[in-house]
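Taking it in order: structure first as structure tokens, then the write-up.
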Amino acid sequence: MSVLNTTIKPFKTQAFKNGKFVEVTEKDVLGKWAVFFFYPADFTFVCPTELGDVADHYDELQKLGVEVYSVSTDTHFVHKAWHDASDTIRKIKYTMLGDPTWQISQNFDCLREGQGLADRATFIVDPQGVIQAMEITAEGIGRNAADLLRKVKAAQYVASHPGEVCPAKWEEGAKTLAPSLDLVGKI
């Protein structure tokens, strides 16, 4: 069953952010746009390239009012150790959620059965806590933060412009569509 268009479920966890351990719950997410960026494990191969890419786009996401939460089934202690050991991970300013109980990964339906690891999955959540977009890729396929940024802008545009939709490859400022009977068969 897809979690798309559902409200995020309650969770409570420890996280690492800006050199400190902090507690995060679903209540901290509500009221602003959020990206949940799941990945299999710290100290791996594709994961740091993705997390570093998101870190490179974090300031732009922040300007859009978006908070980023990376999530793996590692603990907040492992996140700190990885942060201290890796130049790529050291540049992360966003919150790194620990999910050793698998609660968050199960809530988002991206826990690998029998492995205790999260899938490589991204979720865009609106200020009401509703999942507006999701992407899940296989282990060896890294994601692109520039496309994530484009999807966030599209989700925000659609939310603030009822009756309009963003076509394929839509970029901020480009033409949108207003679905109607007149468009059927003409696109």
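The values are calculated or read from the model by the stated rules, or taken from the named source; none is laboratory data. Quick caveat: nothing in here was measured; it's all calculated off a predicted structure. Here the Cβ is made from the backbone with ideal geometry for all residues, glycine too, and neighbour counts use every protein chain on show. Note: areas computed on protein heavy atoms with side chains; ligands, DNA, RNA excluded. Shrake-Rupley method; radii C 1.70, N 1.55, O 1.52, S 1.80 Å.
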TODO: Give me the pairs, please: first residue somewhere in the stretch 100-114 and at negative phi, second residue anywhere and among the small types (Gly, Ala, Ser), beta-carbon distance under 8 Å, and either six or more positions apart or on two chains.
DONE: Ser105/Ala118; Phe108/Ala121; Cys110/Ala118; Cys110/Ala121; Leu111/Ser105; Leu111/Ala118; Arg112/Ala118
Open item on the list: Going by what's in this entry, would Gln103 be described as open to solvent by 50 Å² or more (accessible area, probe 1.4 Å), under 23 Å from Trp33 (Cα atoms) and among the polar types (S, T, N, Q)?
Closed with: yes
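Per-residue answers, yes or no, for (1) out of contact with any Pro (no Cβ under 7 Å at 6 or more places or on another chain); (2) under 18 Å from Leu97 (Cβ atoms); (3) surrounded by 13 or more Cβ atoms within 10 Å (Cβ to Cβ):
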| site | (1), (2), (3) |
| --- | --- |
| Thr122 | yes, yes, yes |
| Gly129 | yes, yes, yes |
| Ile136 | yes, yes, yes |
| Gly142 | yes, no, yes |
| Glu171 | yes, no, no |
Task: Residues of the stretch 22-40 classified as in contact with a helix residue (DSSP H, G or I) (Cβ under 8 Å, 6 or more places away or on another chain) and open to solvent by 20 Å² or more (accessible area, probe 1.4 Å), total - done: 1
Task: Failed item in (1) open to solvent by 10 Å² or more (accessible area, probe 1.4 Å); (2) out of contact with any Cys (no Cβ under 9 Å at 6 or more places or on another chain); (3) touching a residue at least 40 places away in the same chain (Cβ under 8 Å), with Val66 passing the rest - done: (1)
- [ ] Of the numbered conditions (1) in a helix (DSSP H, G or I); (2) more than 20 Å from Arg120 (Cα to Cα), Val24 fails exactly one; give the number of that condition.
- [x] (1)
Open item on the list: For the structure I just gave you, tell me whether Gln115 is open to solvent by 50 Å² or more (accessible area, probe 1.4 Å) and within 17 Å of Phe38 (Cβ to Cβ).
Closed with: yes
TODO: Working carefully through the options Thr88, Thr73, find the one that is open to solvent by 40 Å² or more (accessible area, probe 1.4 Å) and either closer than 14 Å to Phe16 by Cβ or of a type in the set (Val, Ile, Thr) (or both).
DONE: Thr88
TODO: Would you please list the contacts, defined by Cβ atoms under 8 Å and residues six or more apart or on different chains, that run from a residue in the stretch 151-174 that is part of a loop (DSSP other than H, G, I, E, B) to a residue that is among the β-branched types (Val, Ile, Thr) and open to solvent by less than 50 Å² (accessible area, probe 1.4 Å)?
DONE: His161/Thr176; Glu164/Thr176; Cys166/Thr176; Pro167/Thr176; Trp170/Thr176
